[in-house]
1. Contour minus end-to-end for ARG121 and ILE102, with contour as 0.36 nm per residue of separation and end-to-end as the Cα-Cα distance?
2. Return the inverse of the average 1/r over all pairs of distinct C-alpha atoms in region 43-133, which is the Kirkwood hydrodynamic radius, in Å to one decimal.
3. Using the structure shown, list the pairs from LYS31/LYS67; LYS38/LYS79; LYS31/LYS57 with a Cα-Cα distance above 21 Å, or answer none.
4. Per-residue HN-Hα couplings for region 50-60, Karplus 6.51 cos²θ - 1.76 cosθ + 1.60 at θ = phi - 60°, whole Hz, x for Gly and Pro?
5. Could you check the spin-label model distance between THR76 and THR3? Points 7 Å from the Cα along Cα→Cβ, value in nm.
6. Give me the net charge for the shell around THR3: Cβ to Cβ below 14 angstrom, other residues only, Lys and Arg +1, Asp and Glu -1.
7. What is region 21-133's relative contact order, in percent, from Cα pairs under 8 angstrom and six or more apart in sequence?
8. Which sequence of ASP48, ASP5, ASP42 reflects their accessible areas, 1.4 Å probe, from the largest down?
Amino acid sequence: MATNDTIADMLTRIRNANMARHQTTQVPSTKMTRSIAKVLRDEGFISDYQESGEGVKRNLVISLKYKGKHRQPIITALKRISKPGLRVYSNKKELPRVLGGIGIAIISTSNGIMTDREARRQNLGGEVLCYVW
């Protein structure tokens, strides 16, 4: 099934896999999902991601991270902010802080996908894709 909102789809798949304590989850590979996976990995929310499949049907296999002996998911929540029906933009002065800096906001800027912290450092605003904490 093709969805219009690949980002929401990706977040939902990660959320579901987390709740079911899966080791990995698959999302369709697009430039956008690859960039988001890269940010999640760099920020330590997932352990890694790989591409699998060939041609058009490429998938990202995302390896999830858990902590402790009860395997609590590292990611407690993923929240889609900007949707296809309602885009949310913020300039560099109004970049959101997620849970007072505990979480991250993933921003799509003119310099690519990055965290709110990175966007602040580079003095950039952009589309607020989602919050992760």
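The values are calculated or read from the model by the stated rules, or taken from the named source; none is laboratory data. Since the model is a prediction, treat every value here as computed from it, not as a measurement. Every residue, glycine as well, gets a Cβ built from its backbone with ideal geometry; the counts of neighbours run over all protein chains shown. Calculation scope for accessible area: heavy atoms of the full protein, side chains included, ligands and nucleic acids excluded. Shrake-Rupley method; radii C 1.70, N 1.55, O 1.52, S 1.80 Å.
1. Value of the extension gain: 5.2 nm.
2. 14.7 Å is the Kirkwood radius here.
3. Pairs exceeding 21 Å: LYS31/LYS67.
4. Once rounded to whole Hz, the list reads 9, 9, 9, x, 9, x, 6, 8, 8, 10, 9.
5. If labels sit at THR76 and THR3, their model points lie 2.4 nm apart.
6. +1
7. Rounded, it is 25 percent for region 21-133.
8. Correct descending sequence by accessible area is ASP42, ASP48, ASP5.
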